[in-house]
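Accompanying notes for the structure given below.
The values are calculated or read from the model by the stated rules, or taken from the named source; none is laboratory data. Worth saying up front: this structure is predicted, and the values here are computed from it rather than measured. Because the Cβ atoms are built from the backbone with ideal geometry, glycine has one as well, and the counts that use them run over all protein chains shown. Quick note on the areas: whole protein, heavy atoms, side chains included, nothing else; ligands and nucleic acids left out. Shrake-Rupley method; radii C 1.70, N 1.55, O 1.52, S 1.80 Å.
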Amino acid sequence: MEELLFDLGFVLTHYNYWMFVVLMMTGLYITVSYGNLVKKIVGLNIFQTAVFLFYVSTGKIVGGTAPILTDDPAAVYSNPLPHVLILTAIVVGIATTALALALVVRIRETYGTVEEDEIIALEHEMDAAIGVER
Amino acid sequence: MLAMIEANLPALQVVLPMLAAPVCAVLGRGTRAWTLAMAAVVLTFAVSVSLFVVTLDGATISYRMGNWAPPIGIEYRVDILNAFVLLVVSGIALFILPYARTSIAFEISEERQPLFYSAFLLCLTGLLGVTITGDAFNIFVFLEISSLSTYALIATGAERNKRALTAAYNYLIMGTVGATFFVIGIGMLYMVTGTLNLADLAQRIVDHGDSSTLRMGFVFILIGVGLKLAMFPLHLWLPNAYSFAPSAVTAFIAATATKVAIYVLLRFMFTVFGFDYDFQAATLRHVVLPLAIVAMFAASIVAVFQDDLKRMLAYSSIAQVGYMLLGLALLSHTGLMASVIHLFNHAVTKGALFMVAGCYVFAAGTSSISSLRGIGRDMPWTTAAFVTAGLSLIGLPLTVGFVSKWYLVLAALELNWWPVALLIMASSLLAIVYIWRVVETAYLQPSPEGVVRKEAPLWMLLPTWGLAALSVFFGTYAALTTAAASRAATALISASNMLWQ
């Protein structure tokens, strides 16, 4: 029963997955809770990086080497497919970050701030101004 | 030559707009870029039509990208369901683009227009790619191509209202979180099965049976796609994004982006996880179904109190997504059919309504409902299109909205869930309220003095009326859409039934 409650061996052998969960939640928390638009992007990057690590972990095979074609038929190599997938995902992540930062630059130029609460206050003022016009 | 084109139709579907996109960007002038984009969209539509004709009798096209055999290579797999969605997406693009010529020239400065059309084509590429591909990771890549270009397209609204920037930013954050959740889900499916090909995944999931990893994969995919399709309560990005984007963009993404996300959900729920996967059935019935009903009411009630026409229609979209999810969650042939029909019907109806909103912005400079007083007399054709599409949104007979609600109610009654059927009809009453508010303001209230509003130009009016007319045409002759939807539903169910039994 005690083993079921806390199986140390299981936790230790899967420590990469635990790190994935911790990193992922950290990233998601930063994205959701921080008011600074740049920090939100940093959070998003941590979140995405966690997923990259998760994919890379799934491709790992105990005792496996880099997947390079050799003449040795008994060679054990790690699964290259998740690694390749993650290369694509990294490209997507970079594109997203670049676009997000470009948007933040534009927001800074037009609003004069990158703090979410100040932007929301400005937008409320804009709404109120439209109401007065009518 | 012709045989070669025919053999490579599935690839051309995606490649045509993708190749045209960068060329648009370097053309330098708005009209030239528009002409090229239009040519690409016409060809894309022609490809969709021919794919639809081939698959209508139940055939499935399997195309090997780069001639790598599935499941290792990426497979483009077209059956009646994707062919139908491809037709909807490229068809809507065909209507939006002529409209965009005038509307975008009005809302976006000349030097940005080539880039706009190039982003538009990339968005189309992404949406078509998501729909046509038979590879789970490929879906993610195309989803991000379409999403990234959508963020850029929404941000172009900043020339009129700077809030488009924050709307695009918030959509970017939520959309990326959604896409990343989707990737985590796919990663878990890959851990369980070791494959990414959708058909292969389905087979191996059945062999593998249920497990907690599979369940987590399912939940991550549901939430990830749910964010993309604005499933209540994951819809927070939608109202701002739709309100502040340029009118043509709003009409395009409202009519296509959420629909493609619904397609992805259908594909994963029924082709990959299978119709009889108990955990999924329980989640759909106990989580998605109540949320869909809440969305139908909550979003419609919020819509009633909006002052901005585009914002009102945006909330109405969230409610309409609720109908599609409801049909899916009923887990029956009629329910699925209702979802698929509504996917088409809502694309046509909401496309027309957002295009009318764009005509108002063009003529009156604003889409605020209170400034539309008496506009029915100044812009009779535009407002008549609004009434036609509005009736379809409510679901009056002889419009497409009626057809999908009819099947939805039928599906609920088949299960003897008459309270659900009553709720569907009750929520339609809310649609009457918010559509009537606009009609009343437009026709019955006096125009403000000294305001000159001319009818929208023909380039905008014709596509708007085209979609509005389609919503009546397919409401009167529903045979084609219902036949396609019915076959799509049958294909989804029979494929998964064979697997799990």
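Look at B:Ala241 and say whether it is in contact with a helix residue (DSSP H, G or I) (Cβ under 6 Å, 6 or more places away or on another chain), crowded, with 24+ Cβ neighbours inside 10 Å, at positive phi and touching a residue at least 40 places away in the same chain (Cβ under 8 Å).
Considered against the rule, which asks whether it is in contact with a helix residue (DSSP H, G or I) (Cβ under 6 Å, 6 or more places away or on another chain), crowded, with 24+ Cβ neighbours inside 10 Å, at positive phi and touching a residue at least 40 places away in the same chain (Cβ under 8 Å), B:Ala241 comes out as no.
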Checklist entry - Restricting attention to segment B:145-185, which residues are open to solvent by 10 Å² or more (accessible area, probe 1.4 Å), more than 7 Å from every other protein chain (Cβ to nearest Cβ), in a helix (DSSP H, G or I) and more than 15 Å from B:Thr258 (Cα to Cα)? => result B:Thr156, B:Glu159, B:Asn170, B:Phe181
Checklist entry - If you check A:Ala74, A:Ala128, which single one turns out to be more than 8 Å from chain B (Cβ to nearest Cβ), within 30 Å of B:Ser371 (Cβ to Cβ) and either open to solvent by 50 Å² or more (accessible area, probe 1.4 Å) or not in a helix (DSSP H, G or I) (or both)? => result A:Ala128
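Only one of these is touching a Cys at 6+ places or on another chain (Cβ under 9 Å) and open to solvent by less than 60 Å² (accessible area, probe 1.4 Å): B:Leu36, B:Leu51. Name it.
One residue alone meets the criteria, B:Leu36.
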Next on the checklist: I'd like to check something: does segment B:440-452 contain any residue that is of a type in the set (Gly, Ala, Ser), part of a helix (DSSP H, G or I) and open to solvent by less than 70 Å² (accessible area, probe 1.4 Å)?
Outcome noted: yes
Item to check | Qualifying positions in segment B:467-483 - in a helix (DSSP H, G or I), open to solvent by 20 Å² or more (accessible area, probe 1.4 Å) and of a type outside the set (S, T, N, Q) | outcome: B:Ala469, B:Leu470, B:Val472, B:Phe473, B:Phe474, B:Ala479, B:Leu480, B:Ala483
Next on the checklist: Restricting to segment A:44-60, and then to whatever is under 17 Å from A:Met25 (Cβ atoms) and either touching a Ser or Thr at 6+ places or on another chain (Cβ under 7 Å) or modelled with pLDDT under 80 (or both), can you tell me which residue is surrounded by the most Cβ atoms within 10 Å (Cβ to Cβ)?
Outcome noted: A:Phe47
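Residues of segment A:110-125 being closer than 27 Å to A:Phe47 by Cα, open to solvent by 70 Å² or more (accessible area, probe 1.4 Å) and either more than 9 Å from chain B (Cβ to nearest Cβ) or hydroxyl-bearing (Ser, Thr, Tyr) (or both), which ones? It would help to see each step written out before you state the result.
Residues of segment A:110-125 that are closer than 27 Å to A:Phe47 by Cα, as a first pass: A:113-120.
In the following step, the residues that additionally are open to solvent by 70 Å² or more (accessible area, probe 1.4 Å) were identified as A:117-118, A:120.
Hits for segment A:110-125 are A:Asp117, A:Glu118.
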Item to check | Selection from segment B:1-17 of residues that are open to solvent by 80 Å² or more (accessible area, probe 1.4 Å) and either closer than 15 Å to B:Met38 by Cα or acidic (Asp, Glu) (or both) | outcome: B:Glu6
Next on the checklist: Going residue by residue through segment A:47-65, is there one that turns out to be out of contact with any Asp or Glu (no Cβ under 6 Å at 6 or more places or on another chain), touching a residue at least 60 places away in the same chain (Cβ under 8 Å) and within 30 Å of A:Gly112 (Cβ to Cβ)?
Outcome noted: no
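Any residue that is assigned to a helix (DSSP H, G or I) and over 26 Å from B:Leu444 (Cα atoms) - is there at least one of those in segment B:375-392?
no
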Checklist entry - Looking at segment A:61-68, is at least one residue in a helix (DSSP H, G or I) and either among the basic types (Lys, Arg) or surrounded by 13 or more Cβ atoms within 10 Å (Cβ to Cβ) (or both)? => result no
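Would you say B:Thr366 is modelled with pLDDT of 90 or more and open to solvent by 20 Å² or more (accessible area, probe 1.4 Å)? Step through it out loud before you land on a result.
On the way: modelled with pLDDT of 90 or more: no; open to solvent by 20 Å² or more (accessible area, probe 1.4 Å): yes.
So B:Thr366 does not fit the description; no.
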Checklist entry - Somewhere in segment B:414-421, is a residue touching a residue at least 12 places away in the same chain (Cβ under 8 Å), surrounded by 23 or more Cβ atoms within 10 Å (Cβ to Cβ) and in a helix (DSSP H, G or I)? => result no
Next on the checklist: Among the residues of segment A:96-109, are any surrounded by 11 or more Cβ atoms within 10 Å (Cβ to Cβ) and touching a strand residue (DSSP E or B) at 6+ places or on another chain (Cβ under 7 Å)?
Outcome noted: no
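Every residue, every condition in (1) surrounded by fewer than 24 Cβ atoms within 10 Å (Cβ to Cβ); (2) without any contact (Cβ under 8 Å) to a residue 60 or more places away in the chain; (3) not in a helix (DSSP H, G or I), yes or no:
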site	(1), (2), (3)
B:Thr271	yes, no, no
B:His286	yes, yes, no
B:Met296	no, no, no
B:Met312	no, no, no
B:Ser316	no, no, no
B:Thr334	yes, no, no
B:His346	no, no, no
B:Thr349	no, no, no
B:Met355	no, no, no
Item to check | Qualifying positions in segment B:128-144 - open to solvent by 10 Å² or more (accessible area, probe 1.4 Å), more than 9 Å from chain A (Cβ to nearest Cβ) and of a type in the set (A, V, I, L, M) | outcome: B:Leu143
Checklist entry - Can you name every residue in segment B:389-402 that is touching a Ser or Thr at 6+ places or on another chain (Cβ under 7 Å) and buried (at least 19 other Cβ atoms within 10 Å of the Cβ)? => result B:Ala389, B:Leu391, B:Ser392, B:Leu393, B:Ile394, B:Gly395, B:Thr399, B:Val400, B:Gly401
